[in-house]
Every structure is written in structure tokens, then in C-alpha cells.
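Bear in mind that the values in this text are calculations on the coordinates, not laboratory data. Note that the structure is a prediction, hence the values are computed from the model and not measured. We place every Cβ from the backbone using ideal geometry, glycine too, and count neighbours over all the protein chains shown.
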Amino acid sequence: MAIVDVTVIPVGTETASVSRYVADIQTILQTYKNEGKIEFELTPMNTIIEGELPILFEVIQAIHEAPFNKGIHRVATNIRIDDRRDKATSMSSKLASVQTKLKEKE
């Protein structure tokens, strides 16, 4: 399973706030999650999505299109992919690994 870090940036919004666009994207992601295709987590600066790589590319395209569907004429999307194939990994397992290392230091 792969993990992607995605930031969708609508360019040319009426105000400096983009939270309404972020909310639209989260709704799209929730639909994919409800279908059992992904897991995701919103952070203050981006969204982390976990799933099979072909599905993640589909999801990324869907969320990239969301601001266009609201009348925005330019969108910049930043994507970072962590695709580890030597062992199974997940968002939670990566966090647990760090927590284990922190406890070892105590």
C-alpha cells in the first residue's frame, strides 16, 4: 500500500481563505473512504492518503479537479508518494514505529 501527501492549491480565489475548497476535497475523500478504497487524514497543511497506487492516482485526479468545478481557473497540486514494496506499511504503522523509537530513548 502506498501513502501520498497531497496539497491542492486553488489559485485566484476571492479571499485568502481556501477552507471551503479543502472541505469540498474532504467530502470527495470521504466518499472513497466509505467505499473502502482509501484511508486519509487531514492536517493543517495537507492531506495524507493511504491506498493502492492506481486508486490513489484516481483520487488525486478527482481532488485536483474539485476547485475547477467551483469556478477556479488555475490549480496547483503538490504530490509526494511513499511506495514501499519490501514490507507492508501504513500511516499508523509509520507513526507507531516512531513512537517505539521514542520509548526506547526514555
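Observations, loosely collected:
- Some residue of region 84-106 being in contact with an Asp or Glu (Cβ under 8 Å, 6 or more places away or on another chain) and among the hydrophobic types (A, V, I, L, M, F, W, C): yes
- Residue check, residue 101 assigned to a helix (DSSP H, G or I), over 12 Å from the mean Cα position of the chain (by Cα), touching a residue at least 12 places away in the same chain (Cβ under 8 Å) and over 30 Å from residue 20 (Cβ atoms): no
- Extreme residue, farthest from residue 78 (Cα to Cα), among residues of region 23-47 that are β-branched (Val, Ile, Thr) and in contact (Cβ under 8 Å) with a residue 24 or more places away in the chain: 28
- Residues in region 1-22 that are outside any strand (DSSP E or B), surrounded by 11 or more Cβ atoms within 10 Å (Cβ to Cβ) and of a type in the set (A, V, I, L, M): 1, 18, 22.
- Scope region 11-28; condition of a type outside the set (Gly, Ala, Ser), within 15 Å of residue 68 (Cα to Cα) and out of contact with any strand residue (DSSP E or B) (no Cβ under 7 Å at 6 or more places or on another chain); matching residues: 13, 14, 20, 22, 24, 28
- Subset of region 47-97 [among the polar types (S, T, N, Q) and in contact with a Phe, Trp or Tyr (Cβ under 9 Å, 6 or more places away or on another chain)]: 47
- Candidate set: region 35-46, residues that are touching a strand residue (DSSP E or B) at 6+ places or on another chain (Cβ under 7 Å) and under 23 Å from residue 85 (Cβ atoms); chosen: the one surrounded by the fewest Cβ atoms within 10 Å (Cβ to Cβ): 41
- Residue count, region 54-92 (criterion: loosely packed, with under 12 Cβ neighbours inside 10 Å and over 23 Å from residue 21 (Cβ atoms)): 8
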